[in-house]
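Participant: Structure incoming, see below.
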Amino acid sequence: MNKLVKLFTKESSLIPLMAILLGLLFGALVMIMGGYNPIIAYASLFKKVFGDLYNFGETIRQITPLIFTGLSVAFAFRTGLFNIGAEGQFVMGSLGAVIIGTQLSLPWYIHAPLAILVGALFGGIWGGIAGYLKAKRGVHEVITTIMLNWISLYFSNYIIANYLREPGQQHSEMIKPTASISLLNWLSEAFGYNARLHWGTIIALIAAFIFFIILWKTKQGYELRAVGFNPHASEYAGMNVNRNIINAMFIGGVFAGLGGAVEILGVFNYQTIAAGFPGYGFDGIAVALIGANTPVGVILASILFGSLTYGAPGMKFGAGVPIEVIRVVIASVIFFVAASGIVTYILSLFKRKKKEVL
Amino acid sequence: MMNDINYVVEMRNITKRFPGIIANDHISFKVRKGEIHALLGENGAGKSTLMNVLFGLYQPEEGQILINEKEVKITDPNVANDLGIGMVHQHFMLVENFTVTENIILGSEPKKGLKINYQEARKTVTALSEKYGLKVNPDAKIEDISVGMQQRVEILKTLYRGADILIFDEPTAVLTPQEILELADIMNNLVNEEKSIILITHKLKEIMEIANSVTIIRRGRVIDSLLVQDTNPDELASKMVGREVTFGVEKKEASPGNNILEVANIFVKDYRGVQLLNGISLEVKEGEILGIAGVDGNGQSELIDVITGLRNADGGKVLLKGNDITNHTPRYITEAGVSHIPEDRHKRGLILDFTVGENMVMETYFYPDYQTNHLLDYQKINQHAEKLIEEFDVRTPSVNTLARALSGGNQQKAIIAREVDKDPDLLIAAQPTRGLDVGAIEFIHRRLVEQRDKGKAVLLISLEVDEILSLSDRIAVIYEGQIVGIVNPKETTEQELGLMMAGAAKQEGAIHHE
Amino acid sequence: MKKVLLLILVLTLAMSTLLVGCGADKETADGQGAKIGMVTDVGGINDNSFNQSAWEGLQRLEKDLGDKVNIDNAESTKATDYIPNLNQFISANWDLTWGIGFLMGEDVKKVADQNPDAKLAIIDSFVDAPNVASVTFKEHEGSFLVGVVAGLMTKSNKIGFVGGMDIPVIKRFEAGFKAGVKAVKPDAEIAINYTGAFDKSDLGKAAASTMYDQGVDIIFHASGSTGDGVFNEASDRKSAGNNVWVIGVDKDQAIIFGDEITLTSMMKRVDEAIYQVSKDLVEGNFKAGLVELGLKENGVGLPENNPNIPADVLKKVEEYKEKIVSGEIEVPAE
């Protein structure tokens, strides 16, 4: 028990907790200024996220893709690369999964894993292209990944519209049931439970564990981190810096691609001809930053991010707070978490005070 | 001068604490008008802290500062400037693509209406430069002038702001022997014009040659304050380190064997097509230290990069024990038996954000010795690191400390431990003691000689002529990407080496020495 | 510092208790009256198009019926939001939940199957379920009429059509419009551009710019808020002295974008449809199944005021309208 108290009073965990609290407090002020009741609003938010099993399940569904894209961005960060392309890698992962899911007929124990694998591979290749261009041609990965995002969007729209389209619809055909990783049918039949849960959440947690193993337990990870901290020293030590850049972007892409694949196989069962990005890749940047690029951090940040975005409509529904104000509230929570420097400063003021009193 | 009790700076009982240490413990320190006063101490002794207090960057917890015998409070560097205190930093603070004049007036530009009066500024700068013999071209761009010249621009900057008391922070660390001599002349010109100089250094030789008085600091306290004429290098060294220090390296006669490294006719161009290595050839035998002497930028770095595989040669061959290793990968070359202590330990030698343990296996992390079930085994890695730490006396709280947290000397020891432990056939040591204090230098020199005595080939590159002279069994002088002569250290002088380094071939045809 | 923080906290709490009366907790506040919710698609509630039109229909109902009805909406930002947003109303036992737009068809079907006791309704798509009312429009009929207007009024003999997504609903706009133009101007050229989005006004502006450059002088857009860009481009051209026009969609867009550039609009009375179906529910007459609204039912058509259309053209439009209503002309839907 003492350990638990210590864990939460340790500065590393105190800061994010304080940051969330400060963000909520600031959000409350904004709501009061707008004439809304923050207590009811926050209660509605909480109720929307944890209030019943259905919504709780849907929150988990919302969190899952964020873990994948967060890991993707964090992995590249660890190697000193800024992967803005998780969005495109996510879309490519979806495309890979939907191609396998719709075009092949296989037993389920091969079909679903194969669709996930191909999705991961598509995402990985998409990231790897940016890595290759950086390593061999010196093109900055921020530029290439942004461009690749758009290419992936229109490329997948083209493939779906011309080869996979369900007639008269704005999306692909349904994937075969053997490729589905959704738990919905089973849960729905057994318990009448309708949240769109799927195996992808488990895969996300495994991915976070693999993230840890690769970076901290393998030779490859040692090299990736070394290159991230100091490419000159890595070169001196005999590591192939360029190959590591490609590998890092490939592995980062695999994480995002996995996210795209499980979103298709677990939630939609088809891919839409999308006008814009789903936004998980960009949210992944924030998640990685808030999570300090560690696997546990990414999971926690995804939970925060996912809960806030999923719970936001609850504030509108429950307390009548307009969506614009809700966005201010959510943004301020994230702002305080991201700008942990401010929180550290406020905490230091507390400490100084304590010292003076003593 | 003895009777002159006109103190321009007097610091009384200065105490400055940082969390965990007392950087300055009741330090008292006086500088007479018109003298060069050296502040001597090892790295971390508290010299820089004291000068930062004087320059207004730190506020002391206790003590007083008197400037020209009036008590003052120096709350920030602007106050210091107003009091006539100027600092010539070790790392220059210059805008690379501005001219000399623009850099000097930056922050206190002479105005003509709303416009900057360049004519006026240029005139002032030229006048100052002539008065003190600085010979600076006011219109040259910083990026086009040598390091020595840049330092003079820093000096001019302080003079332009009306400084009477100049603090020089390790000014010779970046200079060639010739430039050091010229700097000494400049300092003399300055004191002749009634300026006072505080010289922060850990080089005894410079103090003996340049300074009038010296204050020695050890672990935050003043050990002694002396007139240079009343002391000698041995006394200063033992006061600085706190024990007897041996100068010059004691070593047996070398017994060189077969060639380990042969460099034959190597050419390297940079991307603009400028020849950096111009057909350089040399060899290093087992059981000898070959020192390469030369002014910075004559191809030393490129030579090492080619030998270690960090850079491709455009022509020529590198042989290790007769095997061709030209343009192979760094990994191939280290595995073939080459160890390399890089010249820039922060850029190449260490990954500062890795732990000491991780740094100790930078080139060997993939060995089966450090794996269990194909995963890295940190227990094994750390055991290995602990062994090296003990063997090489690396002072670190633990193997899990980040390399960043270690002092420069201990970082260098860690690198040497790692490189020597690989039991190489060829050990390349590039500027192995740069920026280190006497104690660490002594340790590293002993280790290099020890490797030689074990029959290894050692290739030493250093900009410090003293170091080259005292360690090497043979000296190769590099100039503009070529070896211009090979001399026996016992038969040469610093002057002769200096001339060769400046491009003059050895008189008695040393090129045919081999 | 600590005190200041504490003070802020206390003030926040104090003020929130004071304000409890203002911000009403809707889930529990008033139990009487029918509760009707609607879920927008990713276009959002202020899309100047059918989401907004739908909401206006509900607002009008609330105004007309007063206490007898409570309304609310939920905006979707991602496609994954549709189901939770629909479920939000259904799990709170709201009486009717609207899904606005074709894109929500599959999700409305899923939710309807999972909640056989709940009542749902959808616009622009037919959902075959015993508890869903589907409303679709004969957009091709209304589009035919604006096609007649465009055909009679073009000077360059070049006319443009900007579509949102390439989906059946929008295809109906295109087909009817083309038929209308050809009926009065068989030799007119018609440029077609699908931007692929209902919420990207930059794409709309780009498409319009290309068309006007090709000499098109009238563009009919059926592209949600992507069309804002079409109007924007037309406005730029108009101020540069070019005589170009836009035909609006869904609502009378002259009200928003002005008579200077809005020739007329193909009104799709989403508001009217929502109003009627919702009113039926309040009065206990909710009927599942498909309702198709065309010219005859006043579900599509031109606005009442058309200051930019000469009387003879309006007369022609009126003639065609009668022929369509009477069945004399069958407008193609694709």
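The values are calculated or read from the model by the stated rules, or taken from the named source; none is laboratory data. Quick caveat, the model's predicted, so the values are computed rather than measured. Positions of Cβ are generated from backbone atoms using ideal geometry, with glycine treated the same way; all protein chains shown enter the neighbour counts. Ligands, DNA and RNA are stripped out before the accessible areas are found, and what is left, the full protein with its side chains, is counted by its heavy atoms. Shrake-Rupley method; radii C 1.70, N 1.55, O 1.52, S 1.80 Å.
Participant: Looking only at segment B:306-326, how many residues end up being over 30 Å from the mean Cα position of the chain (by Cα) and not aliphatic (A, V, I, L, M)?
Facilitator: 9
Participant: Search segment B:32-57 for residues being part of a loop (DSSP other than H, G, I, E, B) and touching a Lys or Arg at 6+ places or on another chain (Cβ under 6 Å), and hand back the single one that is modelled with the lowest pLDDT.
Facilitator: Looking at residues that are part of a loop (DSSP other than H, G, I, E, B) and touching a Lys or Arg at 6+ places or on another chain (Cβ under 6 Å), I get B:Ala45.
Participant: Out of segment A:194-227, which residues are in contact (Cβ under 8 Å) with a residue 40 or more places away in the chain and facing chain B (nearest Cβ under 8 Å)?
Facilitator: A:Arg225
Participant: Taking segment C:183-222 on its own, how many of its residues are of a type in the set (Phe, Trp, Tyr), within 16 Å of C:Val249 (Cβ to Cβ) and more than 14 Å from every other protein chain (Cβ to nearest Cβ)? Walk me through it before giving the result.
Facilitator: Looking only at segment C:183-222, we keep the residues that are of a type in the set (Phe, Trp, Tyr), and these are C:194, C:198, C:212, C:220.
If we keep only those that are within 16 Å of C:Val249 (Cβ to Cβ) as well, we get C:194, C:198, C:220.
Still in the running and more than 14 Å from every other protein chain (Cβ to nearest Cβ): C:220.
So the count comes out to 1.
Participant: Also, quick follow-up: For segment B:196-247, which residues satisfy the criterion of being assigned to a loop (DSSP other than H, G, I, E, B) and farther than 20 Å from B:Leu166 by Cα?
Facilitator: If the condition is that a residue be assigned to a loop (DSSP other than H, G, I, E, B) and farther than 20 Å from B:Leu166 by Cα, then B:Arg219, B:Gly220, B:Thr231, B:Asn232, B:Gly242, B:Arg243, B:Glu244, B:Val245, B:Thr246, B:Phe247 are the ones that fit.
Participant: Here are the criteria: (1) closer than 30 Å to A:Ile214 by Cα; (2) open to solvent by 10 Å² or more (accessible area, probe 1.4 Å); (3) hydroxyl-bearing (Ser, Thr, Tyr). Tell me which single one A:Thr79 does not satisfy.
Facilitator: Among (1) closer than 30 Å to A:Ile214 by Cα; (2) open to solvent by 10 Å² or more (accessible area, probe 1.4 Å); (3) hydroxyl-bearing (Ser, Thr, Tyr), A:Thr79 violates only (2).
Participant: Every residue in segment C:116-137 that is touching a Ser or Thr at 6+ places or on another chain (Cβ under 8 Å) and aromatic (Phe, Trp, Tyr), please.
Facilitator: C:Phe126
Participant: Report the residue count in segment B:188-201 for those that are surrounded by fewer than 22 Cβ atoms within 10 Å (Cβ to Cβ) and either modelled with pLDDT of 90 or more or at negative phi (or both).
Facilitator: Going through segment B:188-201 one residue at a time, the tally reaches 6.
Participant: When you scan segment C:286-307, how many residues do you find that are open to solvent by 80 Å² or more (accessible area, probe 1.4 Å) and on the phi < 0 side of the Ramachandran plot? Show your work before the answer.
Facilitator: Taking segment C:286-307 and keeping what is open to solvent by 80 Å² or more (accessible area, probe 1.4 Å), we get C:287, C:290, C:292, C:296-298, C:304-305, C:307.
From what is left, the residues that are on the phi < 0 side of the Ramachandran plot are C:287, C:290, C:292, C:296-297, C:304-305, C:307.
Counting residues in segment C:286-307 that are open to solvent by 80 Å² or more (accessible area, probe 1.4 Å) and on the phi < 0 side of the Ramachandran plot gives 8.
Residue-by-condition table, conditions (1) modelled with pLDDT of 90 or more; (2) surrounded by 22 or more Cβ atoms within 10 Å (Cβ to Cβ):
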| position | (1), (2) |
| --- | --- |
| C:Lys182 | yes, no |
| C:Gln214 | yes, no |
| C:Asp228 | yes, yes |
| C:Asp250 | no, yes |
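Participant: Give the residues of segment B:385-418 that are among the charged types (D, E, K, R) and surrounded by fewer than 23 Cβ atoms within 10 Å (Cβ to Cβ), sorted by residue number.
Facilitator: B:Glu386, B:Lys387, B:Glu390, B:Glu391, B:Asp393, B:Arg395, B:Arg404
Participant: Can you name the number of the only condition in (1) over 23 Å from B:Glu496 (Cβ atoms); (2) surrounded by fewer than 20 Cβ atoms within 10 Å (Cβ to Cβ) that B:Asp185 fails?
Facilitator: So the condition that B:Asp185 fails would be (1).
Participant: Among the residues that make up segment C:112-127, is at least one of them acidic (Asp, Glu), in the same structural domain as C:Gly284 (by TED's automatic domain parsing), modelled with pLDDT under 95 and buried (at least 24 other Cβ atoms within 10 Å of the Cβ)?
Facilitator: yes
Participant: Can you name the condition, by its number, that A:Glu189 falls short on among (1) in contact (Cβ under 8 Å) with a residue 40 or more places away in the chain; (2) charged (D, E, K, R); (3) open to solvent by 70 Å² or more (accessible area, probe 1.4 Å)?
Facilitator: Of the numbered conditions (1) in contact (Cβ under 8 Å) with a residue 40 or more places away in the chain; (2) charged (D, E, K, R); (3) open to solvent by 70 Å² or more (accessible area, probe 1.4 Å), the odd one out for A:Glu189 is (1).
Participant: Still on this model: Answer yes if at least one residue in segment A:269-282 is over 24 Å from C:Gly105 (Cβ atoms), part of a helix (DSSP H, G or I) and at pLDDT 85 or above, and no otherwise.
Facilitator: yes
Participant: A follow-up question, please. Could you run through segment C:146-168 and say how many residues are farther than 27 Å from C:Lys200 by Cα and either within 19 Å of the chain's Cα centre (by Cα) or within 14 Å of another protein chain (Cβ to nearest Cβ) (or both)?
Facilitator: Adding up the residues that qualify gives 0.
Participant: Further question on the same structure: Looking at segment B:106-134, which of its residues are of a type in the set (S, T, N, Q) and over 33 Å from the mean Cα position of the chain (by Cα)?
Facilitator: Selection gives B:Asn117, B:Gln119.
Participant: Moving on. Residues that are within 10 Å of A:Leu66 (Cβ to Cβ), open to solvent by 10 Å² or more (accessible area, probe 1.4 Å) and among the β-branched types (Val, Ile, Thr): does segment A:284-306 have at least one?
Facilitator: yes
Participant: Could you tell me which numbered condition A:Lys134 fails, if it satisfies all but one of (1) crowded, with 23+ Cβ neighbours inside 10 Å; (2) in contact with a helix residue (DSSP H, G or I) (Cβ under 6 Å, 6 or more places away or on another chain); (3) assigned to a helix (DSSP H, G or I)?
Facilitator: (1)
Participant: Follow-up. In segment B:313-351, what residues are more than 14 Å from chain A (Cβ to nearest Cβ), crowded, with 16+ Cβ neighbours inside 10 Å and over 21 Å from B:Gly299 (Cβ atoms)?
Facilitator: B:Lys321
Participant: Looking at segment A:283-294 only, could you name the residues that are assigned to a loop (DSSP other than H, G, I, E, B) and touching a residue at least 40 places away in the same chain (Cβ under 8 Å)?
Facilitator: Answer for segment A:283-294, where residues must be assigned to a loop (DSSP other than H, G, I, E, B) and touching a residue at least 40 places away in the same chain (Cβ under 8 Å): A:Gly291, A:Asn293, A:Thr294.
Participant: Would it be correct to say that B:Glu464 is at pLDDT below 90, within 21 Å of B:Glu302 (Cα to Cα) and of a type in the set (D, E, K, R)?
Facilitator: It is true that B:Glu464 is at pLDDT below 90, within 21 Å of B:Glu302 (Cα to Cα) and of a type in the set (D, E, K, R).
Participant: OK, next. Can you report the number of residues in segment B:356-365 which are open to solvent by 10 Å² or more (accessible area, probe 1.4 Å) and either within 8 Å of chain A (Cβ to nearest Cβ) or within 25 Å of the chain's Cα centre (by Cα) (or both)?
Facilitator: Total meeting the criteria: 1.
Participant: Taking A:Val49 as meeting all but one of (1) touching a helix residue (DSSP H, G or I) at 6+ places or on another chain (Cβ under 7 Å); (2) more than 26 Å from C:Asn115 (Cβ to Cβ), write down the number of the exception.
Facilitator: (2)
Participant: Does segment B:66-99 hold any residues that are free of Cβ contacts under 8 Å to residues at least 12 places away in the same chain and either surrounded by 15 or more Cβ atoms within 10 Å (Cβ to Cβ) or part of a strand (DSSP E or B) (or both), and which are they?
Facilitator: B:Lys70, B:Glu71, B:Val72
Participant: Next up: Could you please find all residues in segment A:33-51 being surrounded by fewer than 17 Cβ atoms within 10 Å (Cβ to Cβ) and at the interface with chain C (Cβ under 7 Å from one of its Cβ atoms)?
Facilitator: The answer is A:Gly35, and nothing else.
Participant: Being modelled with pLDDT under 85, surrounded by fewer than 16 Cβ atoms within 10 Å (Cβ to Cβ) and among the β-branched types (Val, Ile, Thr): is that true of B:Ile116 here?
Facilitator: Taking the combined requirement at face value, the residue satisfies it.
Participant: Report yes if A:Tyr54 is closer than 28 Å to A:Ile202 by Cα, open to solvent by 20 Å² or more (accessible area, probe 1.4 Å) and either at the interface with chain C (Cβ under 8 Å from one of its Cβ atoms) or in contact with a strand residue (DSSP E or B) (Cβ under 9 Å, 6 or more places away or on another chain) (or both), otherwise no. I'd like the intermediate steps shown before the answer.
Facilitator: Values: closer than 28 Å to A:Ile202 by Cα: yes; open to solvent by 20 Å² or more (accessible area, probe 1.4 Å): yes; either at the interface with chain C (Cβ under 8 Å from one of its Cβ atoms) or in contact with a strand residue (DSSP E or B) (Cβ under 9 Å, 6 or more places away or on another chain) (or both): yes.
Judged against the criteria, A:Tyr54 is a match.
Participant: Only one of these conditions is not met by A:Thr79: (1) at pLDDT 95 or above; (2) away from chain C (no Cβ under 14 Å). Which number is it?
Facilitator: (1)
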